[in-house]
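The values are calculated or read from the model by the stated rules, or taken from the named source; none is laboratory data. Source: prediction; values computed, not measured. A quick note on method: Cβ atoms are made from the backbone with ideal geometry, for glycine too, and the neighbour counts reach across all protein chains shown.
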Amino acid sequence: MSSHANPIDILRGSTIDYYDPSDIDLVQRWAAMRDWSDARLRANVESYSKYTSTRIAPEICAYDRGGRACHGVNFASQEYLSLASDRRVLSAAFEAAQTYGVHSAGSAALMGLTKLTIDLEEKIAEFLGVSDATVFPTGWGAGYGVIKTLVTPADHVVIDVLAHACLQEGATSATRNVHRFPHCSSQAVERRLRRIRK
């Protein structure tokens with residue numbers, strides 16, 4: 001659905017509601033999303049593209065795309081366990097940087113792993129009682145990689161329209177049979193499953 005035909009509602013929808021894949025102009029495809037996002041920024045309800053200028057912690061100062069500062073409890077970063085500022089973690093990271101450097105590595109196929117990664121994979125495999133395990137470098141990579149690996153082109157994926165982008169991208173990359181349903185609608189899931197079975 002494109003917002004070309006719909007008024008901007010800053011409190012509803014998601015980015016996909018304001019994207020028009022049918023427009024042949026690549027910039028215009030995203031024009032409605034830009035307008036929606038900018039309207040949300042002006043109303044101080046824009047949740048995307050915030051950045052920090054200090055260490056990630058339970059309480060932080062972040063900035064929005066307009067450069068306005070906001071202070072408060074950090075529910076937005078991926079530092080879920082609040083360990084990034086723990087002295088033991090910082091010490092271990094410093095020691096690892098001294099030993100292995102700070103390069104960002106690359107794919108496992110092109111020497112992107114370290115001995116630490118291999119050791120971790122072996123410990124995980126042993127703990128789970130399996131022959132092998134893979135550690136992904138990011139959560140996004142894990143979500144995308146697992147779906148891309150397990151789903152074949154003939155499979156069907158029924159997915160919430162607000163599922164994480166890594167899952168959406170993995171599904172779209174794995175099969176043309178992707179069926180999105182409105183957020184948390186079990187009735188919509190049932191309808192899509194009935195259509196697939198027919």
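Scan segment 41-73 residue by residue and report those that are of a type in the set (D, E, K, R) and within 20 Å of the chain's Cα centre (by Cα).
Scanning segment 41-73 gives Glu46, Lys50, Asp64, Arg65.
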task: Can you give me the number of residues within segment 98-133 that are hydroxyl-bearing (Ser, Thr, Tyr), exposed (fewer than 14 other Cβ atoms within 10 Å of the Cβ) and either within 29 Å of Leu167 (Cβ to Cβ) or within 25 Å of the chain's Cα centre (by Cα) (or both)?
output: 3
Residues satisfying the stated conditions in segment 6-60, i.e. farther than 28 Å from Glu79 by Cα and either of a type in the set (Gly, Ala, Ser) or in contact (Cβ under 8 Å) with a residue 40 or more places away in the chain (or both): Ser22, Ala31, Ala32, Ala39
message: For segment 43-97, which positions are loosely packed, with under 12 Cβ neighbours inside 10 Å and aromatic (Phe, Trp, Tyr)?
response: Tyr48, Tyr51, Phe75, Tyr80, Phe94
message: Please verify whether Tyr63 is touching a residue at least 12 places away in the same chain (Cβ under 8 Å) and touching a Gly at 6+ places or on another chain (Cβ under 9 Å), treating the condition exactly as stated.
response: no
field: Residues located in segment 42-77, provided they are in contact with a Lys or Arg (Cβ under 6 Å, 6 or more places away or on another chain) and within 20 Å of Ile16 (Cβ to Cβ)
entry: Glu46, Ser49
query: Out of all the residues in segment 137-159, is one or more out of contact with any Cys (no Cβ under 6 Å at 6 or more places or on another chain), part of a helix (DSSP H, G or I) and among the acidic types (Asp, Glu)?
result: no
- prompt: Looking only at segment 163-194, which residues are in contact (Cβ under 8 Å) with a residue 12 or more places away in the chain and surrounded by fewer than 16 Cβ atoms within 10 Å (Cβ to Cβ)?
  reply: His164, Ala165, Glu169, Ser173, Arg176, Asn177, Pro182, His183, Cys184, Leu193
message: Take the residues in segment 10-33 that are exposed (fewer than 12 other Cβ atoms within 10 Å of the Cβ) and charged (D, E, K, R); name whichever of them is modelled with the highest pLDDT.
response: Asp25
